[in-house]
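The values are calculated or read from the model by the stated rules, or taken from the named source; none is laboratory data. Bear in mind that the values here come from a model prediction, so they are computed numbers and not experimental data. Counting neighbours? That spans all protein chains shown, and the Cβs are built from the backbone with ideal geometry, glycine included. The accessibility values were calculated without ligands, DNA or RNA, using every heavy atom of the protein model including side chains. Shrake-Rupley method; radii C 1.70, N 1.55, O 1.52, S 1.80 Å.
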Amino acid sequence: MKLPLNNLPAHLKKTLAPCYLVSGDEPLLVQEALDAIRKTARDHGFATRDLHVATRGFSWDELLASSGNLSLFSDKKIVERRLPTGKPGRDGSARIAEMAEQRAPDILFLVVAPKLDRRGGGAKWVKALQSAGVAIEIWPTGPREVPGWIGARMRQFGVSPD
């Protein structure tokens, strides 16, 4: 399911999906969305996190192995996959789709990517994540929206704008 960023807090109060795709070119907003998801996951008992970054030479088998290796001290784990280019390739696409379809109750699967173009948004791995969990596309704040965004941010931190 696709979820607008401003609906994420209400969603996380109700439920925690088995997987999330967070994509966008606004680093602050992407990081805050990930922080909110991770905090909710910690509140649900996900105590450990494995982070994988798709760099040259990355073995996609490591991703699947990570989901099978649970800690002795935690029964739930976050497996986070960062795609700096947003293009995992054929093998990566198949592995991400496989992870999304597994829906293991003790694994929370997070995928982080830059803004996806039209072709990337229709990829098999994106569709698998959307059908198994939640996809959050983060769009830049437009010039007309900035004053309202700043006001909301100030109120969030207990400051009232003049």
Practice prompt. Within the stretch 25-57, track down each residue that is modelled with pLDDT under 95 and of a type in the set (S, T, N, Q).
Written response: Thr48, Thr55
Fill in: the stretch 15-56 - residue that is β-branched (Val, Ile, Thr) and crowded, with 17+ Cβ neighbours inside 10 Å and, of those, nearest to Met1 (Cα to Cα)
Val22
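A quick yes/no check of all residues on (1) among the aliphatic types (A, V, I, L, M); (2) over 13 Å from the mean Cα position of the chain (by Cα); (3) within 17 Å of Gln130 (Cβ to Cβ); (4) assigned to a helix (DSSP H, G or I):
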position: Asn7; (1), (2), (3), (4): no, yes, yes, yes
position: Lys13; (1), (2), (3), (4): no, yes, no, yes
position: Ala17; (1), (2), (3), (4): yes, no, yes, no
position: Leu21; (1), (2), (3), (4): yes, no, yes, no
position: Leu29; (1), (2), (3), (4): yes, no, no, yes
position: Ala36; (1), (2), (3), (4): yes, no, no, yes
position: Thr40; (1), (2), (3), (4): no, no, no, yes
position: Gly45; (1), (2), (3), (4): no, yes, no, no
position: Asp50; (1), (2), (3), (4): no, yes, no, no
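Anything in the stretch 95-126 that is among the basic types (Lys, Arg), over 14 Å from the mean Cα position of the chain (by Cα) and more than 11 Å from Cys19 (Cβ to Cβ)? List them, or say none. Step through it out loud before you land on a result.
Going residue by residue through the stretch 95-126, those that are among the basic types (Lys, Arg) are 95, 103, 115, 118-119, 124.
Narrowing further to those that are over 14 Å from the mean Cα position of the chain (by Cα): 95, 103, 118-119, 124.
Of everything in the stretch 95-126, those that are among the basic types (Lys, Arg), over 14 Å from the mean Cα position of the chain (by Cα) and more than 11 Å from Cys19 (Cβ to Cβ) turn out to be Arg95, Arg118, Arg119, Lys124.
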Worksheet item: So which pairs qualify, if the first residue must be in the stretch 139-157 and without any contact (Cβ under 8 Å) to a residue 40 or more places away in the chain and among the hydrophobic types (A, V, I, L, M, F, W, C), the second must be in a loop (DSSP other than H, G, I, E, B) and open to solvent by less than 100 Å² (accessible area, probe 1.4 Å), the Cβ gap must be under 6 Å, and the two must be at least 6 apart or on different chains?
Response: Trp149/Thr141; Met154/Pro161
Practice prompt. Six or more apart or on different chains, Cβ under 9 Å: which pairs go from a residue in the stretch 24-50 that's small (Gly, Ala, Ser) to one that's open to solvent by 40 Å² or more (accessible area, probe 1.4 Å) and assigned to a helix (DSSP H, G or I)? Could you list them?
Written response: Gly24/Leu5; Ala33/Leu5; Ala36/Pro9
